[in-house]
Amino acid sequence: MAKADYDAIVVGAGFTGLYMLYKLRELGLSARVIEAGSDVGGTWYWNRYPGARCDIESMEYSYSFSPELEQEWEWTERYASQPEILHYLRHVAERFDLRRDIAFDTRVTAACWDEGAALWAVEMDRGERLAAHYCIMGTGCLSSPNRPDISGLGDFAGETYLTGLWPHEGVDFAGKRVAVIGTGSSGIQSIPVIAREADHVTVFQRTANFTVPAHNRPLASEEQAAIKAGYRELRALERHSPGGVGSGPPQSLEPILATPPDELREDLERRWEIGGLGGFLNTHPDTILSAEAADRVAEFLRAKIRETVSDPDVAELLCPASHPMGSKRLCVDTGFHATFNRENVELVDLNATPIERIAPEGVQTSEKLYPADIIVLATGFDAMTGTLARIDIRGKGGAALKDKWAEGPRSYLGLMCAGFPNLFTVTGPGSPSVISNMVVSIEQHVEWIAGLLAELRRCGAATVEPLAEAEDAWGEHVSAVAAPTIFMQADSWYVGANIPGKPRVFMPYIGGVGTYRAICKDVAAKNYAGFAVDGQTIPPPADFTVYLGMTRETEAA
Ligand SMILES: Cc1cc2nc3c(=O)[nH]c(=O)nc-3n(C[C@H](O)[C@H](O)[C@H](O)COP(=O)(O)OP(=O)(O)OC[C@H]3O[C@@H](n4cnc5c(N)ncnc54)[C@H](O)[C@@H]3O)c2cc1C
C-alpha cells in the first residue's frame, strides 16, 4: 500500500503557500511546498512590470498573523511597489525559516486521489512523485497570464512581453516605440511609467475602465507608528468588513439616488482627495444594486477624465461607458489619464479599428499599421480557475476537476469540492477572494483549513469531503447574492468573459468578507456542517441568507 511522504503538499509559495506552511508546522504536520517559480512571492515574483504595486494600502495588504512581524516591518509607501512586496515576502520566508520546506522551479502537473490509500499522489514536471494525506492548492486566482490569440503574434520581429510574466532583468524602453495592448489594472499601472521612458507609446484600448487616484506617497514613520499602535482593532475591522479593508471613508447611509447632487459632489470630492479603492467601491448602499445609482459615481469619474485630458476626443474614448462603475475591477492609478496629454502617447480605440494581426513590424489594425519595437501584452489572466485547470486533478473514481467545472466552478465555501476528499483550494471560486483584500481572505482560509486538519487529527479521521447537497446549496447562495447586483451586467474576468469559451459564471462570493467568515465559523462550530468526515455526514446549514449583513456584534451575540 502507498505511503505518505508528507502529511500535506502545498502548491504555490505566494502569500497563501507561505502562511499555510507556517500553520502546518504549528500543527506538527510535515509539509512540502511546490513552487513553479525560482523564489517565493507568487504574484509579486511574476508581475515585475513597471509601475506594479498593490492597490490595497500596504499597512492592510500584509499578514496579520504575527504581531511581531507587523511591528517590525516598515512599509515605505502608502501603496508598496512590487519589489517591496517581494522583499517583504522574502523576509517572511527567512524570518519563519520557511525555505527549507519549499521546492522551487518545480511545477505540479497532476494530483490524483488514491482512494484505497486515502492519499493524494502529486506529480511534478521533473518526474518526481509525492504522496500526502492533504493537497492544498495555493495556486492563486491571478496566476495564469492570458496570452491573447492574435494572429501573427509569433511573427513579430521585436520583443513581446506579458505583464504577468515580466523578465527579471527588466526591459529597456529608451528610444523604443512601444505598443501596449490592454487597459485593465496592469496596463493602467504600467502605461504612465513606460511613457516616461519610451520614445513613443501606442495604447490599444478595447474597454475603457474606471480608475480612482492612488495619491501614493511615502509613509511617514509617525503615521505608520500610529497605525501599528491600533493594529489589532484595524485587523478586526478588516475581518468583519465587506471587502477586507478596515480604513477609508465609510459608506454613506443614504441611497445615492436620494442624495442631493451638491451633497453628493462634495462627498465624492472628499473621497477623490483621499484616493484609493475603499472610498469608491460601495460609496452608497444602492450603487452595487442599481446601474443608475452606480452611474452617479461614474459621471463624477468621467468628469475627472474630461478635466484631465486636454484632447476632448481622446478624453471621450477614455470615459468608460460599456459597464456600470464597479462591475469590473476598479483600478487605482497614478497619472494614467494625464499620460494621454504627452506628445509621445497615442490612443487607439479597438472598437472602431480592431487589431487585424500582428505584423513583423508592428500592430496592424483595420485602419493602419502602428510600427513598434516592443509589444506589451497587458491582457490579464485566466482568473480563478485557469491555474487549477492546468493541473490534471482527479478525485474519486478518477473524475477530473476540469470536467466537474466544465459548466463553471462548483465548490462548498470555495474551499473544497464534492468528490475530491482532502483537497483544499485557498481563495477558490465561491469564496470572497478577488472581491476582497486577498491577504485577509487568504489568512481566513488558511486558519480555517488548519482548524479542520487539527480536528481531523484529534478524532483520528482520515478524510473530509463536502456533501454534494452542501455544494449545491452554496452554489445557489453564491449565485443568488450576485444575481441582483451590477456585477452581472459586465463582461468582466469575474465572469470569465475575457477568455474565449469560458463558461459565464460569476465566480467570487460577494456576500462580504465578514459574512463569509461568520458562515465558515458557524459551519465549523456545527461539527463541520455540510461535510462528510470519514463518511459520517452532517447536513449543511439550512439557509445561508440568514448570515447576510451579520456584523461583528451580532456574530458575537
Ligand atoms: C498585478 C497584481 C496586483 C495585485 N494587487 C492586489 C492588491 O493590491 N490587493 C489584493 O488583495 N490582491 C491583489 N492582487 C491579487 C494577488 O494575486 C493576491 O493578493 C495574492 O498575492 C495571492 O496570493 P496567493 O499565494 O494565493 O497566489 P499567488 O501569489 O498567485 O501565488 C501562486 C503561486 O502558485 C504557483 N503555482 C501555480 N500553479 C502551480 C503549479 N502547477 N505548480 C507549482 N506552482 C504553481 C505560482 O507560480 C505562484 O507563485 C494582485 C494581483 C496582481 C496580478
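What the table shows:
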quantity	calculated
The chain - percent relative contact order, Cα under 8 Å, separation 6 or more	18
Principal semi-axes in Å for the range 1-123 [√(5λ), Cα gyration tensor, largest first]	30, 17, 11
Bridge type composition, the chain - antiparallel percent by DSSP, nearest 5	40
FRET E, pair Glu447, Glu269, Förster distance 35 Å, beta-carbon r, rounded to 0.05	0.30
Distance between the range 272-326 and the range 351-400 - C-alpha centres, whole angstrom	27
Part-to-part distance (alpha-carbon centres) for the range 491-550 and the range 422-488, which is given in Å	6
Descending Cα extents along the principal axes, the range 398-546, whole Å	47, 36, 28
Equivalent ellipsoid semi-axes - Cα gyration tensor, the range 422-507, angstrom	29, 15, 12
Kirkwood Rh, Cα atoms: Rg over Rh of the range 285-375	1.05
Shape category assigned to the range 62-105 from the gyration tensor of Cα positions, a/c cut at 1.5	oblate
For the range 286-329, the Rg and Dmax computed from alpha carbons only, in angstrom	11.1, 34
Spatially near lysine pairs across the chain, Cα under 20 Å, sequence gap of 8 or more or different chains	8
Rule-of-thumb Rg ratio for the range 186-344 [Cα; 2.2 N^0.38 Å; N residues]	1.14
Packing-based order for 50-62, 76-88, using average beta carbon neighbours within 10 Å, highest first	50-62, 76-88
Quarter of the Cα convex hull surface for the chain, i.e. its orientation-mean projected area (nm²)	25.3
Simple Cβ-charge dipole of the range 232-330, Lys/Arg +1 and Asp/Glu -1, about Cα centre, in debye nearest 20	580
222 nm mean residue ellipticity, helices alone, for the chain (DSSP H n ≥ 4; -39,500 (n - 2.57); rounded to 500)	-9000 deg cm²/dmol
Relative packing of peptides 508-516, 292-300 - highest average C-beta neighbours within 10 Å first	508-516, 292-300
Share of alpha-carbon pairs per 5 Å distance bin for the range 84-128, given as whole %	5, 17, 15, 16, 14, 16, 10, 4, 1, 0
Convex hull per residue volume in Å³, alpha carbons only, for the range 160-248	166
The range 100-157 - Kirkwood radius from inverse mean 1/r over Cα pairs (Å)	14.4
Percent of Cα pairs exceeding the 19 Å cut-off, where the set is the range 376-469	46
Whether the range 84-227 is rounded, prolate or oblate, judged on the alpha carbon gyration tensor where a/c under 1.5 counts as rounded	oblate
The range 451-526: relative contact order in percent, alpha carbon pairs under 8 Å with at least 6 residues between	22
The range 1-70 pair-distance distribution - Cα-Cα, 5 Å bins, rounded %	3, 14, 19, 20, 19, 13, 6, 4, 2, 1, 0
Relative contact order [Cα under 8 Å, 6+ residues apart], the range 20-144, whole percent	27
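Values quoted throughout were computed directly from the atomic coordinates according to the rules given, and no laboratory measurement underlies them. All figures in this text were calculated on a predicted structure; none of them were measured in a lab. Please note: Cβ atoms are built from the backbone with ideal geometry, for glycine as well, and neighbour counts cover all protein chains shown.
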